[in-house]
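Below you'll find the structure, written out as structure tokens, and then a few comments.
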Amino acid sequence: MRARLRPGFFLHHHPPRVPHMSEPSRWPCLRVETSGKGKQARTRVIIDISVSPNAPRNEVTGWHDGALRVRLAAPPVDGAANDALRKWLAQQLGVPQSQVELLRGQTSRRKQWAIDTDESAACHWLASLPALQN
């Protein structure tokens, strides 16, 4: 005699795979870009950031429209906020400032940064931020 399974049995006992916090698909603000071939190949992480200047301190406060929401202590005058954000990102990810490049958003609150670092390091950093914990 065959056992009869309830409708939806497998949905309850075999849930779909949820991405681990260290996977890029978990982070809507993060993507990986590869350019070049062979020894000239270069992989870098692209991060979308929404900036709020003139804050009391530098901190990540959560999400804003798919971008990482960052409050900066620097004013938005003469590129001071961009310089402060470059320094802060480099310090947070443990890379030299020369490896942090502003791609888009020179005068906008919404910015796109390219960082020459391993994607697992960027995912680990995002996973460690208290403001992004579920």
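Read the figures in this text as sums done on the coordinates, not as results from a lab. These numbers come from a predicted model, not from an experiment. Please note: Cβ atoms are built from the backbone with ideal geometry, for glycine as well, and neighbour counts cover all protein chains shown.
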Next item on the list: Go through 88, 113 for me and flag whichever is within 16 Å of residue 29 (Cα to Cα), of a type outside the set (Asp, Glu) and surrounded by 17 or more Cβ atoms within 10 Å (Cβ to Cβ).
Entry: 113
Item checked: Qualifying positions in the stretch 108-134 - charged (D, E, K, R) and more than 15 Å from residue 93 (Cα to Cα) -> 109, 110, 111
Margin query: Out of everything in the stretch 117-134 that is assigned to a helix (DSSP H, G or I) and among the hydroxyl-bearing types (Ser, Thr, Tyr), what residue ends up being nearest to residue 33 (Cα to Cα)?
Written below: 120
Item checked: Qualifying strands (runs of 3 or more DSSP E) (wholly inside the stretch 19-116; at least 2 residues being under 21 Å from residue 127 (Cα atoms) and of a type outside the set (Lys, Arg)) -> 30-35, 42-52, 59-64, 67-71, 110-115
